[in-house]
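The values are calculated or read from the model by the stated rules, or taken from the named source; none is laboratory data. Computed from a predicted model, the values in this text were never measured in an experiment. Here Cβ is always computed from backbone atoms with ideal geometry, including for glycine, and neighbour counts include all displayed protein chains. Please note that ligands, DNA and RNA were not included when accessible areas were found on the heavy atoms of the full protein model with its side chains. Shrake-Rupley method; radii C 1.70, N 1.55, O 1.52, S 1.80 Å.
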Amino acid sequence: MNDATLERFQYDNKIVKYFGAATIIWGLVGMLVGVIAATQLFLPEANLGNPYTTFGRIRPLHTNAVIFAFVGNAIFAGVYYSMPRLLKAPMWNKTLSWFHFWGWQLIILAAAITLPLGITTSKEYAELEWPIDIAIALVWVAFGANMIGTLIKRRERHMYVAIWFYLASFVTVAVLHIFNSLELPVSFLKSYSAYAGVQDALVQWWYGHNAVAFFLTTPFLGLMYYFLPKAANRPVYSYKLSIVHFWSLIFIYMWAGPHHLLYTALPEWAQVLGTVFSVMLLAPSWGGMVNGLLTLRGAWDKVRSEPVLKFLVVAVTAYGMSTFEGPMLSLKNVNAIAHYTDWIVAHVHIGGLGWNGFLTFGMLYWMWPRLFKTTIYSQKLANTHFWIGTLGIIFYALPMYVAALTQFLMLREFDEMGRLAYGNFLQTVVELVPMYILRAFGGLLYLTGAIMMVYNMYKTAQKGVFQEYEEDEAPALAKAYNPKGEFWHRAWERKPVFFTILATIAIAIGGAIEIIPTILVKSNVPTISSVKPYTPLELEGRDLYIANGCVGCHSQMIRPFRFETERYGEYSKAGEFVYDRPFLWGSKRTGPDLHRVGGKYPDSWHYFHMQDPSSMSPGSLMPPYPWMTENLMDYSDLPAKIRTLQKLGVPYPEGYDQQAQADLEAQANEIVANLKGAGIEVLPQTEIVALIAYLQRLGTDIKATAEN
């Protein structure tokens, strides 16, 4: 083919540089917040004595900063670099590219402002309120439109495997985000979930598990399939294994969400489906790991000397470890040990620090010098970063496994009289303090390595000259092309719209079969006649509980184990949660379960406990909340809350929005009188009064049934 038939074009490296820089900056922020949060678990004073930096508020800030800011920007940097080169075409629309960049950074900034202020839905990985949810959808659609536009104008006929994963990620994240974020606004920054209780739990973990799958896994598999062969200068080990890996992974993943809810009030059939498909998930996941590692065959000598390959090898290995552990955790006997303990924290961070973090570092170390037409400033510093980061992962994860087993064995132990050997949950927490210290040290090591990388990237940029546009050339795509005997998947690869439709069908089947019956078939959630809607004061107290992130440490789900029912009371029933928007079952117990705490202690106990937890529970690691005894509640939106909940089906009487304030004041005055009887003077509109009302309600409906 002569030069006259070639078309010349340019790759835009500037957008890649900006997303790369954002990855680095937000990564440092997210990791720093993580270290602070980890420190607060053994040193409560690290919350700095104000409501905005307590563990409950900065934990979602940490997860959002790491997942959507650090990992999200890394995905976009990798896609904007690899996709044009794989398709031999610049990104379709430069305006969309920059709308995507600045829109995403503004969303992250909005999260960084609202979460510490307590503006949250409390849903794991989906805490942001409805205006930000809409912004996420708009920016995500812009990203997808840019990808699809680039596919249409491509000069490479077939879509390489990395692009399969990019497309599946775009479609699935859009579906997950929209369905999980369905909510009815109360005001500009307050809404209630369209789902309640068990239904909300299933939709949330259908989203939560698959957000891990299609935001933290599949796009990174796409990046692996591009950057690992590039760094190793080797072809992908097996094209056919890539096909099996891709289609089986995206189909099976969507069924696995219920394994986060084993032994809960979720219908048994949904739990069984989640377990079965989670175990099946091991095969395609390891298929991807094997394909990645075997791509390095013949290049292992290069791995010893190249820091980029070191990062990528450990990343793929961590992916394999996480995707082995996930199916194991979905087995009921293993889940009984791990759920609500630090095992889950270890599992998440093996994936986050090892798979996402190290693959991002490897990608940046490979890509950054090429953007600046130079070599890495210091190979030695990059290797040092690798070893410090690896030690950080080890110091982080191993203590969490030890902490999980220690706590589980203590919690389930009975003495010779048949009583709980450690009836006080706090006894187990105190034993974990050394493990928490080691975990924070591991996080600090990991952050130190990232800081080294920032310096190395900065010096690399100084050393080179940034090339904003990179020239390339390729022949135009001939329109007439229909070869006989073409392999069936190769035919799919040259039909991006058809391919995307097939991927959408594959991911939709599992979600539809699990979620539709749970929402539409009422027998899945039996009602309990004694369960009534929250009173106005209890509703306000619940919203305060949510704003302070209490669900990050306290569950509200007693599982049907003897050691849990002996410690907390009657196990939780599905019908108890029909008015919970959102559900608050929790994922980790740093403190005891609260589902049966109502009526267990007098109002004065809760007052003193929030003012100084150690005064009621000696040795407690919970931070004090003294401002709650002084801060005044704003009840101006109470009528709007009642009307919104009525629209969602909560059976408040017609016109109750006009009566709600009076009922609230009456209940508040009762609590104030109780506190006054214990020698405590407090105003009825203070935060502590609303919180006490909510805590004293928890679990009392089921007791009423037992008494009748």
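Please give, to one decimal in nm, the separation of the simple spin-label points placed at A145 and R234, each 7 Å out from Cα toward the Cβ.
The two pseudo-label positions are separated by 4.2 nm.
In debye, nearest 20, what is the charge dipole magnitude of the chain about its Cα centre with +1 on Lys and Arg Cβ and -1 on Asp and Glu Cβ, if you could check?
The calculation lands at about 3060 debye.
Hey, what number do you get for the chain at 222 nm if only DSSP H runs of n ≥ 4 count, each worth -39500 (n - 2.57), divided across all residues, to the nearest 500?
-20000 deg cm²/dmol
Grab the other residues whose beta carbon is less than 15 angstrom from that of F395, score K and R as +1, D and E as -1, and report the net.
Details: positive: R439; negative: D342.
Local net charge: 0.
Quick one: which residues, 5 or more positions from V186 or on another chain, have an amide H under 5 Å from its amide H? H modelled 1.01 Å from N in the peptide plane, none for Pro or chain starts.
Those qualifying (amide H under 5 Å, at least 5 residues apart or on another chain) are S191, Y192.
Under 30 Å between alpha carbons, and skipping anything fewer than 8 positions from K484 in its own chain: which lysines qualify?
Excluding near neighbours in sequence, the set is K88, K153, K240, K495.
In square angstrom, rounded to the nearest 10, how much accessible surface does E566 have for a 1.4 Å probe?
110
In the range 405-437, which residues have a backbone nitrogen under 12 Å from the label point lying 7 Å from I337's Cα in the Cα-to-Cβ direction?
Residues passing the 12 Å test: 405-409.
Here are some pairs, K190/K332; K522/K600; K190/K532; K14/K310; K94/K380; K94/K310; which of them have Cα atoms lying more than 29 Å apart in this structure?
Flagged as over cut-off: K190/K332; K522/K600; K94/K380; K94/K310.
What is the set of long-range amide H partners of E7 at a cut-off below 5 Å, with H atoms built 1.01 Å from backbone N?
Amide H neighbours of E7: A474, A476.
If you compute Rg/Rh (Cα atoms, Kirkwood Rh) for the structure shown, which of (1) 0.99; (2) 1.11; (3) 1.01 do you land on?
(1)
Based on the mean of other beta carbon atoms within 10 Å per residue, what is the order of 608-618, 85-95, most packed first? Mind showing how you got there, number by number?
Details: 608-618: 16.4, 85-95: 18.7.
Put in order of decreasing packing, that is 85-95, 608-618.
Find the centroid of the Cα atoms in the range 222-249 and in the range 280-296, then give the distance between the two in whole Å.
9
Quick one: if you stick a label point 7 Å off each Cα along the C-beta vector at A135 and F608, how many nm between them?
Computed distance between label sites A135 and F608 equals 4.5 nm.
Taking the chain as the reference, fit the longest principal axis to its C-alpha atoms, fit the long axis of helix 130-152 to the helix C-alpha atoms, and give the angle between the two in degrees, 0 to 90, nearest 10.
Long axis of 130-152 versus the principal axis of the chain: about 20 degrees.
What share of all Cα pairs of the range 50-158, in percent, falls into each consecutive 10 Å distance bin?
All Cα pairs, binned at 10 Å, distribute as 14, 40, 26, 15, 5, 1 percent.
Once the other residues with Cβ under 12 Å from the Cβ of Y625 are scored (Lys, Arg +1; Asp, Glu -1), what is the net sum?
Neighbourhood net charge equals -2.
What does the net charge come to around V316 if you take all other residues with beta carbon closer than 14 Å to its beta carbon, with K and R at +1 and D and E at -1?
Combined, the nearby Lys, Arg, Asp and Glu give +3.
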